[in-house]
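Here's the structure, in structure tokens; my notes come after.
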Amino acid sequence: MAKSRFWFQAHWLVGITVGVLLAIMGFTGAMMSFQDPILAALNADTRTVAVKAERLTMPALLDRTQAEAQRMGARVRTVTVPGEADGAVRVLFLSGPGEIVRYLNPYTGDWLAGGARGEKFFELIEEVHRGLITDRLAGEYVGRRVVDIAAICLIAMVATGLYLRWPRRTTNWRAWFVIDRKLRGRGFLYSLHAVIGTYVLPLLLLSALTGLYFAYGWYGDILERLAGVPPVAEENMKGKLLVAPDIAKVWASFEQATASESHGQIAVRFPKEDEEPLRIQYLMADAPHVTAFNTVKIDPTNSQVLSHERYAQKQTGARLLASMLSIHKGAYFGVVGSLLLMLSSLALPLFMITGWMMYLDRRRVEERARKRQAESAATA
């Protein structure tokens, strides 16, 4: 009995202190679950182009983006060429501390007007989700550390919640999965809280454990060692300064490394600091899913290939790590996965509300009991 009370107090204490934060994380995470299709729908008129005979070559497209960056006083960060024939090229520019997204017609080389409708909104939502926007106010990563601790608290909440709601008869499936609508007041709130918690428990654990991969380097290192991921190619870039790559030579190296392969989507990520390689990620035309990227890392100082990681050759653990962000959002499992992760995220605000309602009701009951005791003692 004392042990149950201890875990109840632990669950209650974490819930009323971190519950609001977890609710914010859940709500913003749910909003981002279908971010990509929403943005694609909002900008369909700009991100879709008329198909012509042949696209411009990749070096010509990259040269076009570099020329525009020079005109804007910015730097190119990523250039993404979609696998679809009617898709526009997405270009991300770095301009001071901010980012600018623009779209390019791959057949004519013309810059398209618009295409980034809604992106600023989702950038704000992501900032709140990852760092409560306090990074802008209190310094870099302050808010992120708070959110990371909250993710650990979520794991504790799941563990203690499972222990507390364990029914006396574990084979009674109704106690696990059916809300008792005959109950009223705190009893009904508990049933709602516990049963929905049972449904979303594995999904919340998935969200928390995958989110921590991006939060703590030591956690990611452990997972990578367990998955047998080899050391990154950046080790071959030690001491090398940031330079403008020779685009023609870089692309020739990439084509030589992938000569026998049929490409779908291609994303070129230019380095923005010393000792950082140029990365080219590409999907095979018959890729099993949208995160099955192959990655070629190239030394921008001499255009030599540092490494070529093929998704098909990775072990299962390494494949999962390469798709960690997609798993975190649920997109790895398709539309159904995104929907389930969205619903589990929305359950966090529900847990906060029902938890606080039970807490306040319990306080009222205890207060009335104390008053009755005081009145009994006064009349004795």
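The values are calculated or read from the model by the stated rules, or taken from the named source; none is laboratory data. Because the structure is predicted, anything quoted here is derived from the model rather than measured. Cβ atoms come from the backbone with ideal geometry, glycine included; neighbour counts cover every protein chain shown. Only protein heavy atoms, including side chains, enter the accessible area calculation; ligands, DNA and RNA are left aside. Shrake-Rupley method; radii C 1.70, N 1.55, O 1.52, S 1.80 Å.
Structure notes:
- Verdict on Y190 being part of a helix (DSSP H, G or I), closer than 30 Å to A30 by Cβ and free of Cβ contacts under 8 Å to residues at least 12 places away in the same chain: no
- Answer residue from segment 353-379, given it is of a type in the set (S, T, Y) and closer than 21 Å to V195 by Cα and is most open to solvent (accessible area, probe 1.4 Å) among those: Y359
- Cβ-Cβ under 8 Å pairs, at least 6 apart or on other chains, segment 67-78 side touching a residue at least 60 places away in the same chain (Cβ under 8 Å), far side in a strand (DSSP E or B) and open to solvent by 50 Å² or more (accessible area, probe 1.4 Å): R77/E99; R77/R269; T78/R90; T78/R269
- Of the set (1) touching a Gly at 6+ places or on another chain (Cβ under 7 Å); (2) within 21 Å of S191 (Cα to Cα), all apply to S338 but (2).
- For segment 140-166, a tally of residues being assigned to a loop (DSSP other than H, G, I, E, B) and either under 14 Å from Q9 (Cα atoms) or at pLDDT 70 or above (or both) returns 2.
- P277 being open to solvent by less than 50 Å² (accessible area, probe 1.4 Å), in contact with an Asp or Glu (Cβ under 7 Å, 6 or more places away or on another chain) and modelled with pLDDT of 85 or more: yes
- One residue alone among L341, L325, L350 is open to solvent by 70 Å² or more (accessible area, probe 1.4 Å) and either touching an Asp or Glu at 6+ places or on another chain (Cβ under 8 Å) or hydrophobic (A, V, I, L, M, F, W, C) (or both), and that residue is L325.
- Every residue from segment 105-135 that is under 24 Å from the mean Cα position of the chain (by Cα), open to solvent by less than 30 Å² (accessible area, probe 1.4 Å) and in contact (Cβ under 8 Å) with a residue 24 or more places away in the chain: G115, G118, E119, F122, I125
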